[in-house]
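Chemist: Quick one: the structure is below, and I'll ask about it shortly.
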Amino acid sequence: LIITDESCILFINSEKITNEVNEYLKDAGVTNEPYENVISFIEQMVSDKKSVWTDPSKVNAAVYLAVPKNQRIADTSPISMAKAIKNSSEMAGMKNAHIRDGVALCEFFCWLESEVKSGKKISEVELDQVLTEYRSRKELYHDKSFETISGYGPNGAIIHYTAKEGECGTLGTDSMFLLDSGAQYLDGTTDVTRTVHFGVPSMEEKKAFSLVLKGYIGLESLVFPEGTPGCLIDSFARKDLWKNGMDYNHGTGHGVGAALIVHEGPHGIGKGLGNDNPIKAGMIVSNEPGYYLKGKFGVRIENLLEIYKTDLRNEEMRQDFLAFRPLTLVPLQQDLVDVNLMSHEELDWLDDYHKNVWDSLSLLVNDQTKVWLRDMTLPLSRQRTKMPR
């Protein structure tokens, strides 16, 4: 896609565009050209001594090298950055979409827990179909935002697991279940992961869940200078896992579009230097630390977060400070929390989050789900187990 002062040109194989898409692009002022013409078009641009902005993370090597170095602006696209910072209407839509999605997920988990505990056999594929049905009943629902990751027991330890009919697992009460799913509504995009256990979790499972939760809270509770790149804050989500010789082999957070793609740049949170774009107020990012024990179980906790400007400011450095606020409204299973591993401040965070979930959703769910939601969001007991000497 090349944008100039006068035009917007999409270079693409015409066989990939239907008549309907072609008409839509034409109405939007977008001209189509054969993909093989892109290099000659760029060569014509640079022959006129024009500068060309090329985003190294987006263009291929041939396009990048077609622009002479002295005419090349190699930086993150300003269009990507502008899209990443949501306006007030987009942010309002995202918040409303997450309320409806929270209702759908609470109704779904209420149903699922009842079915599994009563001995019903439900496959990883079947429950995804049921979840989609719950979401599709909500206003402005359009589609999934990505293919659901539904993994029970060892399958949950496969980070990007795909359940297939006839080959997938069946839920039970003797292991963890990881569900990573999302929806596209006409006013917003969701992406949420919850890990649950419908039986009695082992101490190993509770330890893993609690350490992941500590990492989640550690990042979400952070206050940091505006413009900080994601690679500099990633370790806040990992430090408690690292203390126990544990880690996860994926990024901690990705940008999310407003009723657009669920993985939207240019910002992200991760160990790699590819997460070097500045984080700014108005962006949305996921927070999804995890832990995966091959052959046994996986744990991941994921909420989408709004990034907002706090009241803090360093006048001498002319520096504003940012913080995170959760958009996702789905309770976390407290039976998996080992309070002996949690600080009082972390337990306060959990109670505050659950109060927000209850206050936001309790008047919107059905009666059966309301009972379930009340149980899931009650303040957590602070009774700590005395460890043997």
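Chemist: Give segment 288-313 a look and list any residue that's more than 19 Å from Val256 (Cα to Cα), touching a residue at least 40 places away in the same chain (Cβ under 8 Å), open to solvent by 10 Å² or more (accessible area, probe 1.4 Å) and in a strand (DSSP E or B), or say none.
Modeler: Within segment 288-313, Tyr291, Tyr292, Leu293, Thr310, Leu312 qualify.
Chemist: Looking for whichever is farther than 17 Å from Leu329 by Cα and modelled with pLDDT under 95 here; the options are Glu165, Glu147, Glu115, Glu133. Which one fits? Full working, then the answer.
Modeler: On the way: Glu147 fails: modelled with pLDDT under 95; Glu115 fails: modelled with pLDDT under 95; Glu133 fails: modelled with pLDDT under 95.
Within the list Glu165, Glu147, Glu115, Glu133, the selection yields Glu165.
Chemist: Report whether or not Ile301 is at pLDDT 95 or above, in contact with a Gly (Cβ under 7 Å, 6 or more places away or on another chain) and closer than 30 Å to Leu140 by Cα.
Modeler: no
Chemist: Where residues in segment 46-101 are in a helix (DSSP H, G or I) and polar (S, T, N, Q), which of them is nearest to Leu363 (Cα to Cα)?
Modeler: So the first thing to find is which residues in segment 46-101 are in a helix (DSSP H, G or I), and the list is 46-47, 61-65, 69-71, 78-84, 88-101.
The next check asks that each one be polar (S, T, N, Q); those that pass are 47, 70-71, 80, 88-89, 96.
Numbers: Ser47: 64, Asn70: 61, Gln71: 58, Ser80: 38, Ser88: 25, Ser89: 24, Asn96: 15 Å.
Filtering segment 46-101 for residues that are in a helix (DSSP H, G or I) and polar (S, T, N, Q), the one nearest to Leu363 (Cα to Cα) comes out as Asn96.
Chemist: Against the definition (more than 26 Å from Pro78 (Cβ to Cβ) and open to solvent by 70 Å² or more (accessible area, probe 1.4 Å)), how does Glu43 come out, yes or no?
Modeler: no
Chemist: Answer yes or no: is there a residue in segment 59-71 that is of a type in the set (D, E, K, R) and open to solvent by less than 70 Å² (accessible area, probe 1.4 Å). Explain how you work it out, then say what you get.
Modeler: Step one: filter segment 59-71 for residues of a type in the set (D, E, K, R), giving 69.
Retained after the next criterion (residues that are open to solvent by less than 70 Å² (accessible area, probe 1.4 Å)): none.
No, every residue in segment 59-71 fails to be of a type in the set (D, E, K, R) and open to solvent by less than 70 Å² (accessible area, probe 1.4 Å).
Chemist: Same structure again: Residues of segment 249-300 being in contact with an Asp or Glu (Cβ under 9 Å, 6 or more places away or on another chain) and hydroxyl-bearing (Ser, Thr, Tyr), which ones?
Modeler: If the condition is that a residue be in contact with an Asp or Glu (Cβ under 9 Å, 6 or more places away or on another chain) and hydroxyl-bearing (Ser, Thr, Tyr), then Thr252, Ser286, Tyr291 are the ones that fit.
Chemist: Answer yes if at least one residue in segment 83-91 is under 25 Å from Asp335 (Cβ atoms), free of Cβ contacts under 8 Å to residues at least 24 places away in the same chain and surrounded by fewer than 18 Cβ atoms within 10 Å (Cβ to Cβ), and no otherwise. Before the answer, list the steps.
Modeler: So the first thing to find is which residues in segment 83-91 are under 25 Å from Asp335 (Cβ atoms), and the list is none.
No, the conditions are met nowhere in segment 83-91.
Chemist: Taking Leu219 and the conditions (1) buried (at least 20 other Cβ atoms within 10 Å of the Cβ); (2) among the hydrophobic types (A, V, I, L, M, F, W, C); (3) outside any helix (DSSP H, G or I), which numbered condition does it fall short on, given that it satisfies the others?
Modeler: (3) is the only condition that Leu219 fails.
Chemist: List the residue pairs whose Cβ atoms are under 7 Å apart, where the first residue sits in segment 3-29 and is more than 20 Å from Asp55 (Cα to Cα), the second is open to solvent by less than 100 Å² (accessible area, probe 1.4 Å) and part of a loop (DSSP other than H, G, I, E, B), and the two are 6 or more positions apart or on different chains.
Modeler: Qualifying pairs under 7 Å: Ser14/Pro34.
Chemist: Restricting to segment 166-198, and then to whatever is part of a loop (DSSP other than H, G, I, E, B) and without any contact (Cβ under 8 Å) to a residue 60 or more places away in the chain, can you tell me which residue is farthest from Gly245 (Cα to Cα)? Quick ask: steps written out before the conclusion?
Modeler: If we filter segment 166-198 for residues that are part of a loop (DSSP other than H, G, I, E, B), which is where we start, we get 166-169, 171-175, 182, 186-187, 190-191, 198.
Cutting the leftovers down to without any contact (Cβ under 8 Å) to a residue 60 or more places away in the chain gives us 166-169, 171-174.
Working: Gly166: 36, Glu167: 33, Cys168: 31, Gly169: 29, Leu171: 29, Gly172: 29, Thr173: 28, Asp174: 25 Å.
It comes out as Gly166.
The values are calculated or read from the model by the stated rules, or taken from the named source; none is laboratory data. Remember, predicted model here, so these are calculated numbers, not experimental data. No Cβ is skipped: glycine too gets one built from the backbone with ideal geometry, and neighbour counts run over all protein chains shown. Just the protein is used for accessible areas: all its heavy atoms, side chains included, with ligands, DNA and RNA removed. Shrake-Rupley method; radii C 1.70, N 1.55, O 1.52, S 1.80 Å.
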